[in-house]
Each structure stands twice: as C-alpha cells, then as structure tokens.
Amino acid sequence: MSEIDLSFELDGQPQELHVDGTRSALSVLREDLDQSTLRPGCSPQGVCGSCAVLVNGKFRLSCTLPARSLAGKHIQTLASWPMAEQAASAFAAQGAVLGGYEIPGMLTQARALHEKGATDPAGADKGLLMHLQRGGSWPAIKAAIGSLEKQHPAPSPRHMERALGQAAIVEDLQRPGMRHAALVWVPAPRVKFLGLTLPELPAQVTVLSAEDLPLNLTPSQAELLLSKGSESRHAGEVVAIVLAPTRSQAQAIRKQIVVEVELLAPVTLLSKSRLAVASAMENYGQLPESPSAQIQTAFVAQGAACIEPPSWLAVPTDAGLTLYSNGECAGSEAALCHYICGLEPGQVQVEILGSRPSPGGRDELGLGPLVVAAARYLKRPVKLSLELGESAAIQGRRHPAELEIGLSLVEGELALQAQINADSGGEGQLGEAFVYPAASQLGGAYRVAHCEAEIRAYQTNNPPAGGMDGDGLLQTLVAQELAMDALAAAEGVAPLALREQLLHPDSGLAPLLAMLPQGPGWSHSVIALRSLGQAPAALSLEQQDGEVILHLDRARAAAWEEEMRAMIAASGFDDEAIEVRVHSGAPASPSSDVGSTLQALAQALQDLPPEGHTQAEFTPPDSLFTTQAAIAAVHMNAALQIDAVQVFANCGKDLLPLFTQARLQAAAQEGVGAILTEQALATQGVVDDRLRTAGLIKSRALPPIEVQVIASEQPAVDPSAATRIAVAAAVACALAAAEGSVRSSFPARDAEAAYGVGIKRPRAPKR
C-alpha cells in the first residue's frame, strides 16, 4: 500500500483524505465521498465516458486518473452545474434518456461543451468521441446538446433522476455491515482445477470456495462455483469469492490469489465438439435436387457488453433474503436462487433495479445464487459489482454460427433448404437461445411452401454465447435475405420485386414496400417476426390510496415503462401517482412480448376495482404473424461507403412517438454495427475485455439513418428487433452487391464501409 494525504476541492467544498495512492480517482470519489453519479461503466478502461468529471475546468475520465492526481485540483460534478436541471430537461425533451446509465457522463460532457461554446453538431460529435452507449439514439443525444439554451417542458421527476444519475441502481446501494465481493476464476478455457494458494488475509476478509458453500448445482451450472478436481468448460469459471469491507480491498486480495490448474487441450472447432442440448429440424413440401441459389456465410462472436456492469446485492431479512439485481427476469432469478441454495419458495425476493433496456445476457451470468449463498454464510449483506472486463469473460454474446441457405422457386412458391450450426461455447445449454428462435423464424416474412432445415448448437471450450438481442434471429434472417438476392439474380428479376411476389399476405408489409427508394446503389431487406412468444410478461395491478402500482416480472417489459404509464394515466390516474416495480412477487412468465403485455395491461385496467388488487390474464390471438415488422433500404456509394439508411417500421398503436423514434434509431444503429464492426474478440479462448476493441459505433462515424414509424390501430408492439435485423440484412446485401459476392463471415471489419464507421484501417507495411 502507498498511503498518501490528499487535499482538493470537490464542487466548492474542501476535502482532506488519507487513501491508498494506487487507487483511481473514480474509486476515491465514489467509495470515500459517495459520488454515485460517477458511473464505473468500463472502468478502468476510460472509453465509455460514464465516470466523467471536470478537473480544473477540463473534461476528464476519473477511472483513468490516479487518486494522487486530484491533489490541489478543483473537481466539478453535475451537482455544481447551475444548468444541470435545464440540461436534463433538454435530454428528456429529445427522447435522449432511454439508455439511462450513460446519461450523467454525457451531461458532464454537455457542460464542458457549453462552457467553451461548442454545442454545435461538430462540437457535439467531437465531445461524444469520449462516450459509448447502448439503447440510446445518437441523433437524439446530439439534438439535446444543441438545445441546452432552449426552454423545454419540465420533465417528470423520474426522467430528471435518470438523467442526473440520481435513480437507484444496484451498484450504488449501501447497507450496514455490507461486504464487497470479488470473483476468482480459472484463466484458461479448459483446465483441471487443483486448488488455491491464498495470501495472508487481513481481518474482516473472507475467501469462500465450493468447500465452504455447498450448492445444489446441476452439471450445466457447475461454472457457478467450480470444485477442486473438476474440469472447466471455458475461461472465467468461478473457483472462489473474496469478501471484504471495501470493493478496492476485495479486488486487491483477489489479485494475490494463485489459482492452481492443470492445463488441458481445449476443444475450439465445431467438427471436434459434441452436440449440445438443442437441435431442431423441419421438413415439408417438395424440394428440388439442388437449390437455384445458395449462399454460405458465417457469423463470428458478436455483441458488446452492457455499459452498466452486472451487479447483485443480497440482504438477509427476517423472512429470508432480498436480492437486488440489474438482471432481466426477477421470477427466474428467484427460482434459481431457491433451487441452488436449497431454500423454500418465497425465501428469496428479487428486486430489479438499473437502466433499461439491456441487450441481453445479464441473466445468463447466473451469479445471483452465489451472492445469496455468501450472504447466508456471513449472515450480512453482500454486494458483487463486476468490472466490464470481468463480465466479458463469462457473459454470453451472440452465437458464432455457420450457415448454408439455399432458395428455389417451385411452381412460383418458395423452397428453402438450410443447414445451420452454432457454437454455444462452454455453456452448451444456452444453445436453446439460438436454435429455437432460428427455427421459429425460418422464412421470415415470406411464404415458404417447401422446407428442409436442420439447426444445431454445439458445445466447445470457447467463450459462452447466449441470447443477446434475439440470438438466432439476426444470423438466420440476414443469411436468408442474402440468399433472396441470390435467388433474384438466378431468376433474372429485381430483388425487391421478388420479395414483393413472395411476401406472406398476413405480414402487413405490402403497403410499406412502395415507400422504399430504388435505383442504383440501393439494397433492401424485409423482416417480419412471427407470433411465437406472444405471452405477456407477468403483471398485476394494485391500487392504494389513489395510487396505482404496476408489478412486473421482467425488466424487458419495464423498458416500455413510459408507454405503460401513458396507458394507466389514460384511465384517469395522475402520472406521478403511478409506480412501476420489477420484482419476483408477480406471477412467473416465460416471455415478455410487448404487444401482448400492453394488451394484458389494458385488460387489467378494465378489471381494476376501486381498491385492491387484480392479476391480468391474456390469451394472444391465433395469427401467423405479429405486426412487428420492418423494412430497410441501404445506399452504398461508389467508394463502397454507406451514405444513407432508411427504415420503415410498423409499431401498431404508437403511445409515445418520441420514445418510439429514439428506440428504433438506436436499434438501427445496432444493426449497422452488427454487420460491420461489433465483435467480441478472443485469444486462445479468453475474451478480449477491452471495450475499445468491441466495435461500438461512435456518434461521429454513424451513417445518416432515417427512421419512419408507421402507426396503426393494431395493438402496440416493439419493432426494435425487426428494425435491428432489417438494417443488418440490408447492409449485408449492399456489401454483397457492391463487392460482387457474399462475404464468408461477418462482421465485415475489413470492408471499406467498416472503415467509414470507425474501424481503423490497417497500416501499410513499411517499404
């Protein structure tokens, strides 16, 4: 330890501290001075912007500043900005508060830009190079920065809290006597775990292993806490948990622990792996001996981690425990805790807190039961907040997949032949997240009269894959759209005309096709998602003293909180008297389809008595297609750069157009990234935890994207998934048309279009 004395000024108040000088400024400001609006995000990488402060008036990322650099400095946060509430109003007015977690850092950047008079588009683009975000719209954020001086309607208190970093998130929660956790795991994809060598442990520090925490683990859950003598399936399987009074101390002790292993040869190729638990086959109709058009392509591991780190806090209570989590499904997390920890149903209550939405994957970490077990062992609260690099090792990304798709016309009807193999990594059971969505969406928006398809998922020792952003759908439907262009070429017809010819009559997309731009350089895609998974999220309504409380089981449904509030308010309730809770008290539900959830909510409102409680039940209509559909057009110029993206999305009854527009803009951004840039890099089975290598597109590099929302009187749906896939497919088709062939793998990081959106061009060799 290198103890130092620090004197500095924080928001006009003098501070005197005695701290470990090796700590970061972020650690000191958050842990010692309770500056919770500084978000750790990517800490200590310094690329997401969520931990921003002003140091002597200059914008700085506190996670990369050593604590000693604060000495003698004037530090400013949002708390000392007189315009903070006005800026938050600007962000709310532009629909720029969807992401939530990253917004306080962006407001700090807005302050820096405003104080130097650089809030114009060029200044905003330059400033936002310091930031990353998921789930938000870059155009909305830039518009907000450019309108700081304007007067905006007063936002709701919840929007103000979200923008200013005052909303409750798990990593900020504190409890008396709480211990902070840090995980110890195996460093290689396949090893035999032999044991641990521990340093001398300070007082109040505990290290727990499988011998201390006997858990009821199935073979598929063994990675939760690997026992001595067991064989790992991927890098990052947990072997111990360190518990200490501070997070910094827990992480310091973790680094001193030696994990003793015997290295084993990992299985990395599908050809040498075993079939995982999931496979699906479909066969019907009459098929030609060979397809008229066939494409082969692959997707490598895709997707970037959530900027908000996965976090859990387990608090013992008289009745059992309360687990606070930023996962997605309270009911399934509670059930997992009960089973693994050997508890009776109802002993663990789960409360979901945090920014929404996430791109998926948080629940797949499955670490909630480990935190619960540690809290039961110590009989005190335990909190685990992973660093981004830590979550990267074990958080599921989009599945790598090899796809072979053949299409033909048989008497004017579409015949589809498909062979799809996916790599689930070390978590083979997660293959279900790929196989079943892919199988359910074969054919997409088109009439498939003849089909022969086989979809399999395999277990390897590669990093785990999971259900990120509708896994299985993007890979399959992008490949199908590429094959559709190939079929159009084989038949000698225009690609858009062929799509119109084969469009399913119930898709609702025919009127939208006429809106698409056509001509040289334009490529198109047409996406419609079937009605599979239309069950609503579990919900119940409660009315107390003029207030209405909406209880939900899934955070994915809560991502539509504003629309739900609008629906409840339309029934005569004051917006500020509406509370939305995500917890395990609601009935369990297997899915969270937005359209059916809103329909269930409407029914529950009709049944709501003057006082009391009601539970919603909803039976989805029997129809082949949902109204979740989108079409996209991408223009690629002669320099092989994307210079225009247009999206038309059907959202049904649009309750809040501002938020819908921002949400779909974000989905379109992610679609461009999925094909061109976003990739979870790995070396020898270990994920590269540097977020700067993940390929998230910055504001400055984003191509122009125009989103048109098509509203109707049909029940509201969230067309984000269809929009993301439609844009990804259209970009892939544009690349194939411009380059003259379908790429063998995506994302296309070596394409000219990728260089245009932020991927660095390789340096030319020196002569």
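The values are calculated or read from the model by the stated rules, or taken from the named source; none is laboratory data. Computed from a predicted model, the values in this text were never measured in an experiment. Every residue, glycine as well, gets a Cβ built from its backbone with ideal geometry; the counts of neighbours run over all protein chains shown.
Within the set Gly95, Gly105, Gly72, the sole residue that is crowded, with 24+ Cβ neighbours inside 10 Å, touching a residue at least 24 places away in the same chain (Cβ under 8 Å), on the phi > 0 side of the Ramachandran plot and not hydrophobic (A, V, I, L, M, F, W, C) turns out to be Gly95. Just so you know, in region 592-620 the residues that are in contact with a strand residue (DSSP E or B) (Cβ under 7 Å, 6 or more places away or on another chain) and either assigned to a strand (DSSP E or B) or at pLDDT below 70 (or both) include one that is nearest to Met567 (Cα to Cα), and it is Ala616.
Restricting Met106, Met130, Met83 to those that are more than 20 Å from Ala25 (Cα to Cα), out of contact with any Pro (no Cβ under 6 Å at 6 or more places or on another chain) and either of a type outside the set (Gly, Ala, Ser) or outside the structural domain of Leu29 (by TED's automatic domain parsing) (or both) reduces the list to Met83.
Among the residues making up region 489-500, those that are without any contact (Cβ under 8 Å) to a residue 40 or more places away in the chain and not in a loop (DSSP other than H, G, I, E, B) are Leu496, Ala497, Leu498, Glu500. Considering Leu213, Leu183, Leu217, the condition of being surrounded by fewer than 18 Cβ atoms within 10 Å (Cβ to Cβ), on the phi < 0 side of the Ramachandran plot and either more than 32 Å from the chain's Cα centre (by Cα) or not in a helix (DSSP H, G or I) (or both) is satisfied by Leu217 alone. Screening Thr206, Thr197 for residues that are closer than 30 Å to Asp32 by Cβ, touching a residue at least 24 places away in the same chain (Cβ under 8 Å) and either in the same structural domain as Ile420 (by TED's automatic domain parsing) or hydroxyl-bearing (Ser, Thr, Tyr) (or both) leaves exactly one candidate, Thr206.
Residue by residue, here is whether (1) in a strand (DSSP E or B); (2) in contact with a Pro (Cβ under 6 Å, 6 or more places away or on another chain); (3) among the hydrophobic types (A, V, I, L, M, F, W, C) holds:
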{"position": "Arg692", "(1), (2), (3)": "no, no, no"}
{"position": "Val707", "(1), (2), (3)": "yes, no, yes"}
{"position": "Gln714", "(1), (2), (3)": "no, no, no"}
{"position": "Ala726", "(1), (2), (3)": "no, no, yes"}
{"position": "Ala737", "(1), (2), (3)": "no, no, yes"}
{"position": "Asp750", "(1), (2), (3)": "no, no, no"}
{"position": "Arg763", "(1), (2), (3)": "no, no, no"}
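Taking first residues from region 31-53 that are within 17 Å of Gln109 (Cα to Cα) and in the same structural domain as Ala124 (by TED's automatic domain parsing) and partners that are modelled with pLDDT of 95 or more and among the aromatic types (Phe, Trp, Tyr), the Cβ contacts under 7 Å between residues at least 6 apart in sequence or on separate chains come to Ala52/Phe59. I'd like to know if region 240-248 contains one or more residues that are modelled with pLDDT of 90 or more, more than 29 Å from Ala67 (Cβ to Cβ) and not acidic (Asp, Glu). No, region 240-248 contains no residue that is modelled with pLDDT of 90 or more, more than 29 Å from Ala67 (Cβ to Cβ) and not acidic (Asp, Glu). In this structure, Ala729 does satisfy being surrounded by 24 or more Cβ atoms within 10 Å (Cβ to Cβ), within 21 Å of Gly521 (Cβ to Cβ) and touching a Ser or Thr at 6+ places or on another chain (Cβ under 6 Å). Here Ser623 fulfils each of the conditions (1) assigned to a loop (DSSP other than H, G, I, E, B); (2) modelled with pLDDT of 75 or more; (3) surrounded by fewer than 21 Cβ atoms within 10 Å (Cβ to Cβ); (4) not basic (Lys, Arg) apart from (2). Consider region 366-403 and keep the residues that are of a type in the set (D, E, K, R) and surrounded by 24 or more Cβ atoms within 10 Å (Cβ to Cβ). The one that is farthest from Gln459 (Cα to Cα) is Lys383.
Taking the criterion of being closer than 28 Å to Asp471 by Cβ and free of Cβ contacts under 8 Å to residues at least 60 places away in the same chain, the residues of region 637-672 that qualify are Thr660, Leu664, Ala668. Given the condition buried (at least 17 other Cβ atoms within 10 Å of the Cβ), among the charged types (D, E, K, R) and in contact with a strand residue (DSSP E or B) (Cβ under 7 Å, 6 or more places away or on another chain), answer yes or no: does some residue in region 694-717 qualify? Checked region 694-717: no residue is buried (at least 17 other Cβ atoms within 10 Å of the Cβ), among the charged types (D, E, K, R) and in contact with a strand residue (DSSP E or B) (Cβ under 7 Å, 6 or more places away or on another chain). So how many residues does region 108-146 have that are at pLDDT below 95 and of a type in the set (Ser, Thr, Tyr)? The number of residues fulfilling the criteria is 1. Restricted to region 296-318, and to residues there that are surrounded by fewer than 24 Cβ atoms within 10 Å (Cβ to Cβ) and over 18 Å from the mean Cα position of the chain (by Cα), the residue that is nearest to Ile697 (Cα to Cα) is Ala298.
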